[in-house]
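Reading through the structure tokens given below for one structure.
The values are calculated or read from the model by the stated rules, or taken from the named source; none is laboratory data. Quick caveat, the model's predicted, so the values are computed rather than measured. For neighbour counting, all protein chains shown are included, and Cβ atoms are generated from backbone atoms with ideal geometry for every residue, glycine included. Each accessible area value is taken on the protein alone, full model and side chains, heavy atoms only, with ligands, DNA and RNA left out. Shrake-Rupley method; radii C 1.70, N 1.55, O 1.52, S 1.80 Å.
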Amino acid sequence: LNSRSYFDLNMAGRAAHQRLLEEFDDADWNPRPGVVQWTGSTAEAGGIETAPAEDRLQKLLDWGYPARLIEGDELRRLEPDISARAYDGSPIILFPEDGWCHGASCAGSVAGAARFRLGAELVRSRVVRIVLQGGRCRGVALEDGTSLEADVVVNCAGRWFNDVIDVPELRIPLAPTAGFIAFTSPVGLQLRRGLRTPKVN
């Protein structure tokens, strides 16, 4: 995390999620019980060079982000179900206000509210191209050959962002990475906080 502009973008997204949560009385898809993080060795981190935890922490503190270093004893007290074999002794950062978003539940709630509160129409199709006219975005083209006009288009394609952009100057540099998202049935653990570790995030 070396870019202040990227940090600010993430913070703006976090604030937007908070505002969105306040529109739903029963929203439970953005818990924030805290997150603990340790990076381990370069080999464990998939060969990716990472800055020392203390340096990352100091930068976050300088930018006003709530975080602190904790010791292994405190980790065991906070999360007793984490196996001692899983922790390699590297510095641990606790982010007490962090959490995660249950994407499917969030998307379902927002789409449902848009439809039933605001009368929005939900179109299920794949966007194949963003439509530009006079240098401005005017809508999207769908895989069935139809187009939708729009005043604003938000590209949420993630690592596939550039796949729907056919204008070179509008592309952004990305470093595509592969990952797995696993959904499991509940298990008999009392893990309360999120984990960011070399082996699992």
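A search for C-beta distances below 9 Å between a residue of the range 90-117 that is under 19 Å from T184 (Cα atoms) and any residue that is assigned to a helix (DSSP H, G or I) and open to solvent by 50 Å² or more (accessible area, probe 1.4 Å), counting only pairs 6+ apart in sequence or on different chains, returns C101/H17; C106/H17. Scanning the range 6-43 for residues that are assigned to a loop (DSSP other than H, G, I, E, B), open to solvent by less than 50 Å² (accessible area, probe 1.4 Å), modelled with pLDDT of 90 or more and touching an Asp or Glu at 6+ places or on another chain (Cβ under 8 Å) yields G34, W38. Looking at this structure, is D163 outside any loop (DSSP other than H, G, I, E, B) and open to solvent by 50 Å² or more (accessible area, probe 1.4 Å)? Answer is yes for this residue. Only one entry of S3, S109 meets the criterion of being over 19 Å from K199 (Cβ atoms), modelled with pLDDT under 90, polar (S, T, N, Q) and open to solvent by less than 80 Å² (accessible area, probe 1.4 Å), and that entry is S3. Filtered by the rule that a residue be closer than 14 Å to S125 by Cβ and at pLDDT below 90, the range 141-173 gives A157, V164. Considering every residue within the range 177-198, establish whether at least one is at pLDDT 90 or above, open to solvent by 50 Å² or more (accessible area, probe 1.4 Å) and part of a strand (DSSP E or B). Yes, the conditions are met somewhere in the range 177-198. Examine the range 123-136 for a residue that is under 30 Å from E54 (Cα atoms) and surrounded by 10 or more Cβ atoms within 10 Å (Cβ to Cβ), and state whether such a residue exists. No, the range 123-136 contains no residue that is under 30 Å from E54 (Cα atoms) and surrounded by 10 or more Cβ atoms within 10 Å (Cβ to Cβ).
When you check S125 against the structure, is it at pLDDT 85 or above, closer than 30 Å to P33 by Cα, assigned to a loop (DSSP other than H, G, I, E, B) and among the small types (G, A, S), yes or no?
Here the answer is no, as S125 does not meet what is asked.
Note on the range 137-156: residues that are surrounded by 11 or more Cβ atoms within 10 Å (Cβ to Cβ) and either assigned to a strand (DSSP E or B) or among the aliphatic types (A, V, I, L, M) (or both) amount to 10. Being open to solvent by less than 60 Å² (accessible area, probe 1.4 Å) and at pLDDT below 95 is the requirement here; does G47 meet it? Against the criterion (open to solvent by less than 60 Å² (accessible area, probe 1.4 Å) and at pLDDT below 95), G47 qualifies. Scanning the range 65-95 for residues that are open to solvent by 60 Å² or more (accessible area, probe 1.4 Å) and in a loop (DSSP other than H, G, I, E, B), we see that the one that is modelled with the lowest pLDDT is D88. Of all residues in the range 1-35, those being over 12 Å from W100 (Cα atoms), within 16 Å of the chain's Cα centre (by Cα) and touching a residue at least 60 places away in the same chain (Cβ under 8 Å) number 1.
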